[in-house]
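S.K.: Submitted below is the structure of interest, expressed as structure tokens.
The values are calculated or read from the model by the stated rules, or taken from the named source; none is laboratory data. Computed from a predicted model, the values in this text were never measured in an experiment. Cβ atoms come from the backbone with ideal geometry, glycine included; neighbour counts cover every protein chain shown. Areas reflect the complete protein model, heavy atoms only, side chains present, ligands, DNA and RNA absent. Shrake-Rupley method; radii C 1.70, N 1.55, O 1.52, S 1.80 Å.
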Amino acid sequence: MTNIQIYTGGIAETNSHLFTLPGGTLLVDAPEGVAEWLRERKIHVDVLFLTHQHFDHVMDVAALKAAHGCRVVAWEPFSPQLTLEGLFNAFMGTQINVPAYEVDEILSSKSLVTACGVDWRLYHVPGHSLDSVCFHWEAEKLLFGGDVLFAGSVGRTDLPGGSTSRLIRGIQEKLLPLADDTRVFPGHGGDTTIGAERVSNPYLV
């Protein structure tokens, strides 16, 4: 079984998932502090997947790119409209500034991406964010879904680009057909399985 290390950081306690694959080391999402966490452990990252670009998932992308030269993979190019930093600053009275970065591979026209020697099936599931994408390693039954699906819940839909009906429909049509024992690693909180959410998630039953 693949050994997955989890870093949780930033003001929203956002998860980042790290694991070594046959063709290199892959990181999913880049919350604040993960670049320093990797530096302390002397871990080099080859590929960075972004499940979506809300600020709490991308604060350290530029730092990782500078330190590791890693390939950044996301559904859309970088955009302050996707990071929502301006909205957060206006409503919270604080100051969030996401350093700009370049996305090396844009996924919006694709259903599959190869990274670190593994083919990943892509599921675009908007509703929490317009650019939300889930990465599925079919052979290992692993799904990295960002803020689409949580243990007992789903992503919030009251932000720009949000839609409850669109999110629920996307989960039901694209994720729930996966095998019951598919492990789901979300952007916040602990992991779960597709089977558990199919029968007990109050938003889906």
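S.K.: Which peptide among 23-29, 114-120, 176-182 comes first, and what is the full order, when sorted by highest mean count of other Cβ atoms within 10 Å?
M.R.: 23-29, 114-120, 176-182
S.K.: Using the C-alpha atoms of the chain, what convex hull volume per residue, in cubic angstrom, is computed?
M.R.: That works out to 110 Å³ per residue.
S.K.: State, to one decimal in nm², a quarter of the convex hull surface area for the C-alpha atoms of the range 1-103, i.e. the direction-averaged projected area.
M.R.: 6.5
S.K.: Moving on to the next point. What are the residues whose amide H is under 5 Å from the amide H of residue 21, where those residues sit 5 or more places off or on another chain and H is modelled from the backbone?
M.R.: Here 26 satisfy the definition.
S.K.: Run the reach check for residue 141 against lysines, Cα to Cα strictly under 24 Å, same-chain hits fewer than 8 apart removed. What comes back?
M.R.: Within the straight-line cut-off, residue 141 pairs with 110, 174.
S.K.: Once you keep just the Cα pairs under 8 angstrom separated by 6 or more residues, what percentage relative contact order results for the chain?
M.R.: Taking the mean separation of contacting Cα pairs over the length of the chain, I get 16 percent.
S.K.: Also, I was wondering about something else. Tell me which residues come under 5 Å, amide H to amide H, from residue 150 once H is placed; ignore anything under 5 positions away on its chain.
M.R.: 155
S.K.: Run the quick spin-label model on residue 159 and residue 109: label points 7 Å from Cα toward the beta carbon, then report their separation in nm to one decimal.
M.R.: In this crude label model, residue 159 to residue 109 measures out at 2.8 nm.
S.K.: Compute the length gained on full extension between residue 13 and residue 79: take 0.36 nm times their separation in residues and subtract their Cα-Cα distance, giving the result in nm to one decimal. Walk me through the numbers on the way to the answer.
M.R.: Values: separation 66, 0.36 × 66 = 23.76 nm, distance 2.21 nm.
Taking residue 13 through residue 79 to full extension adds about 21.5 nm, to one decimal.
S.K.: Which value, in debye to the nearest 20, gives the size of the charge dipole of the range 20-60 about its Cα centre, when Lys and Arg are +1 and Asp and Glu are -1 at the Cβ?
M.R.: For this selection, approximately 200 debye.
S.K.: Just the accessible area for residue 141, please: 1.4 Å probe, Å², rounded to the nearest 10?
M.R.: For residue 141, solvent-accessible area is about 80 Å².
S.K.: Along the charge dipole of the chain, Cβ charges K/R +1 and D/E -1, which of 16, 124, 161 sits furthest on the positive end?
M.R.: 124
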